[in-house]
Amino acid sequence: MSSAENDSDRPTMSKAASVIAEPTSATKDRHEEWSAMTREERSDVAFSRRFALRRFALRRFAPRSSLHFSFFSNPPPRPFHSLEEFIADYNSLKAICEDGVVNSLAYTQLKSMEQQFEMHTHLNSVLEDKSSELGDTADFFSIGKVDTHIHLAAAFSPQDFVQYIKKKVTEDSPEPVFKGKSLGEVMKDIDLTVEQITLDVIDVQADHTLFNRFDRFNAKYNPAGNSSLRTIFLKAENDIEGRYFAELTKIALDHLTFNKTCFVEYRMSVYGASPDDWSKVAKWVYDNELCSHPHNRWMVQLPRIYRIFKVSER
């Protein structure tokens, strides 16, 4: 038998489609039935038809060992929703969240709940303390605690950070650290002496003014309001290959070693600005011997600012 004859006998996608096609005589009735359906019912019907077509095609055309075949033989328990439905629902939720009336109502309700809780604490705190004493022998300080969202640049306490900067300015002042300038020259350019390096001047601690203010949140990453100090102390890519940043990280990890019940997931960012972003992060972690710590698991996050880099051709 010739190959042409084989091809003519082989099922085609058009044949597969005809298997699940509706009869022509029933088109009008089906159209009326479809119009009367809810959106959820339409989604179920559309999913079952897509599934039937894919299962028929995969059985006839794909190898029996195909992973796709086993997947479509056991469909997920709930139907998939279309991209159009997702976008419509997302826009609806976004509009609700941005609505002024909703925000006012939510604020009022939250304040009311907060005041109710404060009243409960005022009246019943003693009773709750006694009941917890009679319960488990464990307390907050003896149980394991995991912080799952810590940006590495914000992992250091303000006190440790200030003391580290003072130490480096005192001991490594002549070392070139930023665009050929020494650390002492950088400090002189921003008119900052060792005696002036205090918690209030460095100003990296979080407070209530950061709520819903991402601009102020980002500004806290600039010690003393200066981006050059951020590049020197809080960046893995700089003139000293992130050595200060690695030393600060080791200080934070040392604190975890002594506190046996605290665990963290420190985060590093990959921005997608260049193809070797992943390699740079991995090299920095490996070269500075930060790969493994019993109380830390490294996380890599992808900030949603790729479009900004793309527009600026970075």
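The values are calculated or read from the model by the stated rules, or taken from the named source; none is laboratory data. Worth saying up front: this structure is predicted, and the values here are computed from it rather than measured. Quick reminder, even Gly has a Cβ in these numbers, built from the backbone with ideal geometry, and neighbours come from all protein chains shown.
Could you grab me the full set of residues in the stretch 77-95 that are assigned to a helix (DSSP H, G or I) and surrounded by 11 or more Cβ atoms within 10 Å (Cβ to Cβ)?
Within the stretch 77-95, 85, 86, 88, 89 meet the criteria.
Given the conditions (1) under 18 Å from residue 159 (Cα atoms); (2) among the charged types (D, E, K, R); (3) surrounded by fewer than 13 Cβ atoms within 10 Å (Cβ to Cβ); (4) within 20 Å of the chain's Cα centre (by Cα), which single one is not true for residue 220?
(3)
When residue 267 is evaluated against the numbered criteria (1) part of a loop (DSSP other than H, G, I, E, B); (2) in contact with a strand residue (DSSP E or B) (Cβ under 7 Å, 6 or more places away or on another chain); (3) closer than 13 Å to residue 151 by Cα; (4) not acidic (Asp, Glu), which criterion, by number, is the only one it fails?
(1)
Please specify each residue of the stretch 228-274 satisfying the condition of being surrounded by 15 or more Cβ atoms within 10 Å (Cβ to Cβ) and among the polar types (S, T, N, Q).
The answer is 228, 231, 238, 249, 269.
For the stretch 198-228, what are the residues that are assigned to a helix (DSSP H, G or I) and farther than 23 Å from residue 177 by Cα?
Hits for the stretch 198-228 are 200, 208, 209, 210, 214, 215, 216, 217.
Among the residues in the stretch 256-265, are any within 24 Å of residue 200 (Cα to Cα) and in the same structural domain as residue 201 (by TED's automatic domain parsing)?
No, every residue in the stretch 256-265 fails to be within 24 Å of residue 200 (Cα to Cα) and in the same structural domain as residue 201 (by TED's automatic domain parsing).
Which number in (1) over 30 Å from residue 171 (Cβ atoms); (2) in a helix (DSSP H, G or I) marks the one condition that residue 260 misses?
Condition (2) is where residue 260 drops out.
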